[in-house]
Structures are given as structure tokens and as C-alpha cells.
Amino acid sequence: MKVPGVKLLFLAFIFIHIRRPRVCNGDTIADDYADDDTKTSSPPPEIDNCNGVFLSYAFTSRTKSLPLLKNVSAQPWTFDAMATILNAGTIELKEWKMYIGFQHKEILVSLTNAVIVGSGGDFPAAVGNGTTIAGSPNTDLKTSIDTAGDYSQIAVQILIKGSMFGMSAKAVPMPKNISLANDGWKCPKNTKYKTYMHVCCKKDKKYKAKSIDSQYMTRQNGDLTFMYDVLKSYEGSYEAQVTMDNNSPIGKLDRWNLTWEWMRGEFIYSMKGAYTPRMDYSDCVYGLAAKYLSSIDFTQVMNCQKRPTITDLPLVKANDTKIGKVPYCCKNGTLLPELMDPSKARAIFQLRVYKLPPDISQKVLYPPQRWNITGYLNAQYTCGSPIRVDPTEFPESTGLDAKTYAIASWQVVCNITKPEKKKSRCCVSFTAYYSDYAVPCPTCACGCDDTDTNKCNPDRTAMVIPPDALLVPAENRTKKAKAYAKLKHKEIPRKLPCPDNCGVSINWHVSSNHKSGWTARLTVFNWGDLPFVDWFIAVELKRAYKGFENVYSFNGTKTLKNIKNTLFFQGLKGLEYLIEEKNGSKPSDPKVPGKQQSVISFTKKNTPNIQIEEGDGFPSKVYFNGEECALPASFPNSGHGSRVSITTFLFISIATFLLNRFN
């Protein structure tokens, strides 16, 4: 289908298609970038034949940045580009998302009319492996038919500015491809020119969406979801409720901190069920708010920051009539998996938000963008953009058999991400009854930013150590590591590997293996200065999972929703606290970690071919409070005598018993 007027509308932004790019130090080099195929003053014919969503990407300029380097691959450049998305079809596109396949170590520093999906909203953002952007503030693209060809409602232009690395001066840093990232759409191979590319994406006829009667998007599943519900709307302000649900069986938050970004000058006047640790109204006094809202007493305003930090209230404020009295609030920032405590798997708080012109109408409502949630030694989350959904329904407050509805509702979906290498916050060591050494946590498993790398090697593989060395802090293991290496006639490097620097470490010890079954012992150490309440550990055992029989000093389960081959352990009643590190009995003694341990038994009835000593008895993933821990790269082997191994096993068992007894 040809949509009348689209061709003329496209002329409004096609100038970018023929604009001469700039390169080097600001000099225009038309001959270097010019492409005879793209020198045209009319839109490409493909838009006439596009009964769908038309996407384009145009590179416009590239300039060398400081420092100026001889190494071409390390030379930084700034670049400018424009992406365009236009609805040339007959179906409204809701919550549009566009994928751009960046491939030259690009770092974005700004976008117009869009946000990066899952970035947390912060710039600069590394996008060298490609990224997805979403509309903001205009999230939907209507059709030309429904808008009489109103370009502002059917198309969006995104100005892109960033940095990239490498490539010669005459090379053109184009993406691999562009595509529509919304479910139910298919994009063919891109049409590419030297500085420009485009594609027409169409509805996938085979895609079967859920049959619903709604003008908004369906609610999505995720590890952690937020609902932003506007409950009451006034001229110039509104009241909203934020609901946080932990949907992951291995997700947990301790002392959570939520941040978002106001995009249109809004500010938080007051809150119930949560608060902003920084109660500061100076941004209002010195900003536009004071100009437009001169009648407001800003000393009563809770927070005027563009990017506020919000945290939970302590338990003692739960019944405070002024700032508490909100269901599911006031748990000191704790959010547990539902299987541990359903009442602690949700958090709710309410806020009063003031708006600035031209958005003072009751009907003009925008949610905050760029959501991000963090906790103390918890899983790391990546959050998407707010998506408009059907208004949330609530029970009628007086008890009548009726429902009330939010004025407007948005959903934010966050998912757990795997920590980058050397950026974990917990780690795992391996030991076994048949080996006289421990495979410790990886070097710098939790980072070496605060370590003097002139005294240790952050890139050397961790040295094996005697098992009893696991009972002292990582920084105090040097003597034991050297003594063991000397005993075994192993090379001692001049610069020893740096410690793991983790606040929590977990030891998995294979303690026995017999014809009908085997056992392991799991010990968790807290090397930090804060205790953990309601802690848990999840262990993935790909080969051994089916043989799980019992755990003796923890509560354990093997039934986790949507997670395979994983055992879940938590402290018994009265042992939910994992205490913090304590000083030794003497000033010269090393510090003593908080610790708990349990033996775990397995049967071989369901795993007859399991090879314990070949590594089948060790976990492939370990999570502490939702955070995926760094694992060693190897397993203990049985190359040393069993007599020494049994002695070592007995030593560790006795030492750990004594530490537990007197700590």
C-alpha cells in the first residue's frame, strides 16, 4: 500500500541522507565519503513500497578526539548520526524499540527523543556490541491515516552523539544492521550505502499475540517488576503509587536503592512508605520550579533532584501515620523471593509529584525514565523503559464489592544480569577429600580497584593453597601459600596473585564418595562488616542435581520455578543471620569471618554414571542472595596421597567446628 503524503513527509528529514559528512579535524572531505548511489534529492523508492515501519540510519560526521595517537586502533573519535523510525503502514506501533548494531567500540553520550533500553539511564553508555533504544517521550507511532499525515505523530528522529575507536580517517563507522525490536515484527536484510542504511519491517504473519481487548501493551514477565500507577491527578500535580514485585526465586535485595530520572522538570513533594536520603529542595529554588510555582513553600518539598535516590523506611516507621501506613512498606529495604516469605516479596510506596508548564493539565502524565535498582551485595539488574499498560485495578477501599482503577499505569521490567569478569561480589573455592589442596577463589574475583597492584599481580592465576588457609582472610594467606608451594616444589612468583577481595566467599567441599552415594559440605563466610539477614544460597549442579537427598543444617529445596538443576538453601529458623567479620582473640590474630555450614547428601540411584572426581560433584553456578559468584577455573585432583587428604579433611572439620563454637 502507498500512503499518500509519506513521500513528502520524508523530505523533512531526508536532508541527512545527502548531507556531506565531516571528518578529521572539522574539515569537510566530500570526496572521501560521497557515494554516487546516494546523491539524490528524492526519497528512496523503498519507502513508497513500505507498508510497515521504515527505519533508517545516517552517519553524518566524525572528528578526532584527544589524545591524538599514532596507534590507529586506539585513536578516539567523536561521531554524529541520525536514526529515523517512521510508521508507513496501517497499524499503530506501540512502545517502539529500535535495534542498532554498533560494532566499533561506540560509547553513546547523548540521544534525543529516545532512551537506551536497559542502560539504567546513565551516559556515557558503552554500546559496542549493539544496543536497543526506545521512544521517550513519544513511545507510540500512529498511522498517517489516523493523523492525516501528521509527521510529529507517525515518525521520530533520533540525533545520536558519541565516541568510537579505531578505523582510518576515510573509513565510515556504520552499524552492522538496524531492525525493529518489537515482538511480532520481521525485518529483511538492510539496504546499505556508504553513509546510509534503511530497512522496511513488516508484521510477522506467523506471530501469535495474546488475544486481548486493550489499547495498551500487555504486561511482561521479569525477575523484578515495577508498577507506576497514577491514583489521583490534579491541575499541576498527581499522586502515584509504586509497586515492586520480586518474581525471581533466586532474586533478593538488601537495603535497596531505587533511582529514576525526571524528564520534564517534575519533583517529589512528599512520600509515604519510602523516602529520599537526600532531602534537598535547592534545585527547585534555583530552577524553573521557583519561576512557575512561586506560591509553593519549597521548604516542605522532599526532593527536587532530577535523578533522586529512593529507599525503604525502617521497620519502626511502619505504623507512622505521616510517612508510613502503606501496605508492604517499611522492611529496611529487604525484598525476598516468594518461596522464603510471600509478604516480603513485594514493596509499595506512594508519592506526590508536582509538574511544570506546559504539563499542568490533569490529562498530561509522564512517568519517570531510566530506572535502576541496587542492593547491598545482591544481584545486578538491568531495567527497561516504562511501558504503558492497562490501568491497574484495586479493591474498593470501603469494602464494597467493587473495583477502582488507576488513572494511568506503566510497567518497568528488570532482569538479573551476569556480573562482568572481576566485578562479582562473592566467590567460590573448591576442596575435596581426595586432594590435599584447595582451589581458591579467582584472582581479583571482586575487583582490584583498591589493591596496590605494584605489590601483587592482578592477572596471575590464583595459587593453590592448603585448605586451612581458607579460614583466614585472603590478604593473610601469603605465608601459607608460599609454604605449600615450597613443600610441593612449585614455583613461587616474585609477585604473588592479588587476593579475591570478596566480601562473601563460599567453599564447596566434596567430603565422601561411595557406591550408593556421596556427600558435600557447603560453608559460607562473611568477610564484611555488616551481617546478612535472611541469607540464601542457590547452587546449580548439572550432573548431580537429580541425586539430591537431604541437607542437615540448612533448609533446602530442589523445586524452583523456571530454574533448572538448582538447589536452594537458607538458614534454619533462628539462624537467618550470617554475622559479620569479627576481630581475632588477640590483636595480632587475623580477623574471623561469620560463617555457617551444612553437610549435603546425594544418592546415585538417579545418577548412576556420575563421576565425582572428574568434576561432576562440583557446582556450575553458585548464587549468594541473588548475586552470581565467581567460580574457580579448575577442580581439585587426586594426584596426592589419600592419607594426607584425610588428615586435611579432619583438620578443616575440627578447625571449622572450633571457629563456630567460639565465634
Positive-pole candidate from Ser435, Ser163, Cys200, dipole of the chain, charges at beta carbon: Ser435
Say R0 is 45 Å: what FRET efficiency, to the nearest 0.05, do Asp146 and Asp320 get from their beta-carbon distance? 0.35
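Restricting the count to DSSP beta bridges whose residues both fall in the chain, what percent are antiparallel, rounded to a multiple of 5? Intermediate values should be presented prior to the final figure.
On the way: 145 of 157 bridges.
Percentage antiparallel, nearest 5: 90.
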Simple spin-label model, 7 Å along Cα-to-Cβ: Tyr286 to Tyr376 in nm? 3.2 nm
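With both bridge residues required to lie in region 415-564, what share of the DSSP beta bridges run antiparallel, to the nearest 5%?
So the antiparallel bridges in region 415-564 amount to around 60 percent.
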Over what distance in Å are the Cα centres of region 236-255 and region 257-304 separated? 21 Å
Correct choice for Cα Rg over 2.2 N^0.38 Å that was computed from the model, options (1) 1.36; (2) 1.13; (3) 1.42: (2)
Taking the DSSP beta bridges in region 426-662 as the whole, what percent of them are antiparallel, to the nearest 5? 80 percent
With a/c under 1.5 counting as rounded, go ahead and sort region 224-417 into rounded, prolate or oblate using the C-alpha gyration tensor (a ≥ b ≥ c being the square roots of the eigenvalues; past the cut-off, prolate if a/b is larger than b/c, else oblate). prolate
When the Cα centres of region 549-612 and region 432-508 are compared, how far apart do they sit, in Å? 22 Å
Reachable lysines, given that their alpha-carbon falls under 17 Å from the alpha-carbon of Lys495 and they are not under 8 places away in the same chain: Lys455, Lys479, Lys480, Lys482, Lys486
Separation between the Lys573 and Leu68 pseudo-spin-labels, each 7 Å from Cα along Cα→Cβ, expressed in nm? 7.5 nm
Compute for region 157-303: radius of gyration divided by Kirkwood radius, i.e. Rg/Rh, restricted to C-alpha atoms, rounded to two decimals. 1.08
Mind checking the angle between helix 478-487 and the chain's longest principal axis? C-alpha axes, 0 to 90 degrees, to the nearest 10. 60 degrees
Förster radius 22 Å - calculated FRET efficiency between Asp452 and Asn637, Cβ distance, rounded to 0.05: 0.10
Burial ranking of peptide ranges 270-278, 216-224 (average Cβ count within 10 Å, highest at the top): 270-278, 216-224
Answer in debye to the nearest 20: the dipole magnitude of region 113-264 about its Cα centre, from +1 Lys/Arg and -1 Asp/Glu charges placed on Cβ, is 1080 debye
Helical mean residue ellipticity (222 nm; -39500 (n - 2.57) per DSSP H run of 4+; nearest 500) of the chain: -2500 deg cm²/dmol
Hey, rough spin-label estimate for Lys479 and Glu235, points 7 angstrom out along Cα→Cβ, what's it come to in nanometres? 7.8 nm
Cβ crowding within 10 Å averaged over residues, with 462-472, 447-457 ranked highest first: 462-472, 447-457
For the chain, take the longest principal axis of its alpha carbons; what is the angle in degrees between that and the long axis of helix 642-662, to the nearest 10 within 0 to 90? 80 degrees
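FYI, it's all coordinate maths here, none of it is from the lab. These figures come from a predicted structure and were not determined experimentally. Note that we place each Cβ from the backbone using ideal geometry, even for glycine, and neighbour counts take in every protein chain shown.
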